[in-house]
Amino acid sequence: MTDSTFLPVPQSDEEPLGAVLRALRLERTGADTFTGTSLPQLNGRIYGGQVLAQALLAAGATMVDDGDGGRMPHSVHGYFLRPGNLEEPITFTVERLHDGRSFSTRRTHAVQLGKPILSMITSFQEEQPGLDHAEV
């Protein structure tokens, strides 16, 4: 397999950062399907934050720049459904629910052995001018 099948995530040889970045490097296995691995954990279960981050990266990889700039995550709602198995790869399937003029919505399922371990909906918004808040 060539590197072009993997999502572009910066890599590092520094440990433990290198291990985390390798886990976030998802392989594209279809137009809206990705596969990832897990970080080792002492309790034998996949760390939920890792699965959530991988699902967000998979959803973001389905965003198409329509010429107005990229769309960044606006909101994320994730539901952990069952514990994940460290020894099994995780398949991320992304469903393109909506692409509007300034918002896009994606549903992502993280699946192992045919069963979802995470279900997530993410809203992406085009960068737009607006109010900035700061303490003075």
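Things worth noting here:
- Per-residue 3J(HN,Hα) values for the stretch 86-91, derived from phi via the Karplus relation 6.51 cos²θ - 1.76 cosθ + 1.60 with θ = phi - 60°, read 4, 7, 9, x, 10, 9 Hz in sequence order (x marks Gly and Pro).
- Extended-chain gain in nm, criterion 0.36 nm per residue less alpha-carbon gap, Arg107 and Glu27: 27.0 nm
- For the chain, the longest principal axis of the alpha carbon atoms and the long axis of helix 48-60 meet at an angle near 50°.
- Within the shell defined by Cβ-Cβ distances under 12 Å, the residues around Thr122 carry a net charge of +3, with Lys and Arg each +1 and Asp and Glu each -1.
- Across Arg106, Arg22, Arg82, mean-square fluctuation computed from a Gaussian network of the chain (C-alpha pairs under 10 Å connected) peaks at Arg82.
- Surface composition of the stretch 1-117: carbon and sulfur make up 56 percent of the accessible area, probe 1.4 Å.
- The relative contact order of the chain comes to 22 percent, based on Cα pairs under 8 Å that sit 6 or more residues apart.
- Of the peptides 84-91, 37-44, the order by per-residue mean of other Cβ atoms within 10 Å, starting with the highest, comes out as 84-91, 37-44.
- In this view, the solvent-accessible surface of Asp65, computed with a 1.4 Å probe and all protein chains in place, comes to about 100 Å².
- In the context of the full set of protein chains, the chain has a per residue accessible area of 64 Å² (1.4 Å probe).
The values are calculated or read from the model by the stated rules, or taken from the named source; none is laboratory data. This one's a predicted model, so the numbers in the text were calculated from it and none came from an experiment. Counting neighbours? That spans all protein chains shown, and the Cβs are built from the backbone with ideal geometry, glycine included. Accessible surface is based on the protein model in full, side chains and every heavy atom, while ligands, DNA and RNA are left aside. Shrake-Rupley method; radii C 1.70, N 1.55, O 1.52, S 1.80 Å.
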